[in-house]
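Data first, discussion second: the structure below is written as structure tokens.
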Amino acid sequence: MADRDIVRHMSGPSLHAPQGFLAKIHLDPILLVLLLILLVGGLFVLYSGGDSSIAIVEAQIARIGVALVVMFVFAQLDPSVYRRWAPWLYGLGVIALIAVLLVGIGAKGAQRWLALPGLPRFQPSEFMKLAVPIMTAWYLSRHYLPPRISRVAIALVIVFLPMGLIVEQPDLGTALLVGMAGLFVIFFAGLSWKLLAAFFAMAGVSAPVLWFFIMRDYQKQRVLTLLDPESDPLGAGWNIIQSKTAIGSGGLMGKGWLHGTQSHLDFLPESHTDFIVAVLAEEFGFIGVTLLITLYFLIIARCLYIAVNAQDSFGRLVAGALTMTFFIYVFVNIGMVSGILPIVGVPLPMVSYGGTSMVTLMAAFGVMMSIHTHRRMISA
């Protein structure tokens, strides 16, 4: 079995169980400090992007508090708990996605929320960002790695089933994140170059099908706007034009905190949510954006370290996939705001205003901390 690769008692710094008070309560100190720096710094940018609204900052602080509690709770659970409950969590998530399509709450042309008696309304698709990679890792880690083609096919079904249900809501951005989370697990499980080449060939062949039969009109318009935003500067192209203007006007050092004109004069849309990195670029310039990207890089590097040093295949696959999903969050948001990717409504992690995505991401970090701090030394 793949999980026979349990770490044996050997000398080497990466094999020792974590030490210290934070490790005893199953928190990784390095990752925790990096996340807190990002969260606190994000509040300053949010205050400016939210038109100096204390109410927005206070609401975000409350969301951060909830997210930190969720991270702490998820970190306390032994990885074996996630392994044992993976099929049940995945199954409940798929049922919830089906329920969304049947009796979900709609808003702005989309039906993404579910309200159950006695519970606040929630978005099941966010939950699947965790359930899909955990379920895929559970399935693949039960067998020898790298997986055979038949098992890869089953893993793809596990990934594409919820992804298709989310596309129907419609929520293409979340569907892509859920799909990528699962595909990263399959990739890290080990695939031959022939299989990878076949996968990319299938993706290329399916592109016309996606364009003509699956993508909705507004999604096609986003792609066309990416290619030529000037074709409709006062309509579909307005958002990206104003965003690029804000980024370019920041120069090297920026205009200074609270002195951004594009956001404060209401030229920049969604300045406190999806386009908040444009506010950062305008007020803190190239240096500010570089510092932000460096902080993201350090977080990703620490998470990859946790993945590499996980004790078994399940832990490595889950931690690696969640890390790369966080990277996709960062890459897609900065890419769409700077005009190199279509606008798909992906927030800037830990900085954009909002609670759902933040709670999901902090839960993912809690899972990674659990994988890292619950390692045990096993004698040969």
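The values are calculated or read from the model by the stated rules, or taken from the named source; none is laboratory data. What you see is a predicted model; the values in this text were computed from it and never measured. Positions of Cβ are backbone-derived with ideal geometry, glycine not excepted, and every protein chain shown enters the neighbour counts. What goes into the accessible areas is simple: the full protein's heavy atoms, side chains included, and nothing from ligands, DNA or RNA. Shrake-Rupley method; radii C 1.70, N 1.55, O 1.52, S 1.80 Å.
Some observations on this one:
- Spatially, the stretch 30-45 and the stretch 53-120 are offset by 22 Å when compared through their Cα centroids.
- Relative contact order, percent, the stretch 267-380 [alpha-carbon distance under 8 Å, six or more residues apart]: 32
- The chain: most fluctuating residue of 219, 76, 60 per GNM, C-alpha cutoff 10 Å: 219
- Å² of accessible area per residue within the stretch 97-203, as computed with a 1.4 Å probe and no ligands counted: 50
- Ratio Rg/Rh, restricted to the stretch 323-365 and using Cα atoms, in which Rh is the Kirkwood radius: 0.97
- Here the Gaussian network model covers the chain, with springs between Cα atoms less than 10 Å apart; of 135, 362, 215, 215 fluctuates the most.
- Residues 220, 244, 129 ordered from highest to lowest accessible area at a 1.4 Å probe: 244, 220, 129.
- Note on the chain: with charges restricted to the Cβ of Lys and Arg (+1) and Asp and Glu (-1), its dipole about the Cα centre is near 1420 debye.
- Farthest toward the positive end of the dipole of the chain, out of 160, 348, 371, is the Cα of 371, where the dipole comes from beta carbon charges about the Cα centre.
- Placing +1 on the Cβ of every Lys and Arg and -1 on the Cβ of every Asp and Glu, with no other charges, gives the stretch 51-113 a dipole of roughly 260 debye about its Cα centre.
- Taking 29 Å as the straight-line reach from the Cα of residue 129, the lysines in range (excluding those fewer than 8 positions away in the same chain) are 24, 108, 194, 220.
- Probe 1.4 Å, protein heavy atoms only - accessible area per residue of the stretch 304-380 in square angstrom: 28
- Mean ellipticity per residue at 222 nm, deg cm²/dmol - from DSSP H runs of n ≥ 4 across the chain, formula -39500 (n - 2.57): -22000 deg cm²/dmol
- The stretch 226-295 shape via C-alpha gyration tensor axes, a/c threshold 1.5: prolate
- Euclidean distance of C-alpha centroids, the stretch 170-227 and the stretch 273-333, integer Å: 21
- Extreme residue, positive dipole direction of the chain, given options 279, 31, 46 (C-beta unit charges): 31
- Relative to the globular-protein estimate of 2.2 N^0.38 Å, the Cα radius of gyration of the chain stands at 1.01.
- When the chain is treated as a Gaussian network with alpha carbon springs shorter than 10 Å, the biggest mean-square fluctuation among 173, 251, 315 belongs to 251.
- Counting only the Cα atoms, the stretch 136-282 fills a convex hull of 168 Å³ per residue.
- Radius of gyration and maximum dimension Dmax of the stretch 243-380, Cα, Å: 17.8, 66
- Computed over the stretch 105-258, relative contact order equals 17 percent, with contacts defined as Cα pairs under 8 Å that lie 6+ residues apart.
- The stretch 307-380, accessible surface, carbon-and-sulfur percent (1.4 angstrom probe): 67
- Surface share of carbon and sulfur [accessible, 1.4 angstrom probe, percent] for the stretch 121-251: 71
- Take every Cα pair under 8 Å whose residues are at least 6 apart in sequence, average their separation, divide by the length of the chain, and the relative contact order is 30 percent.
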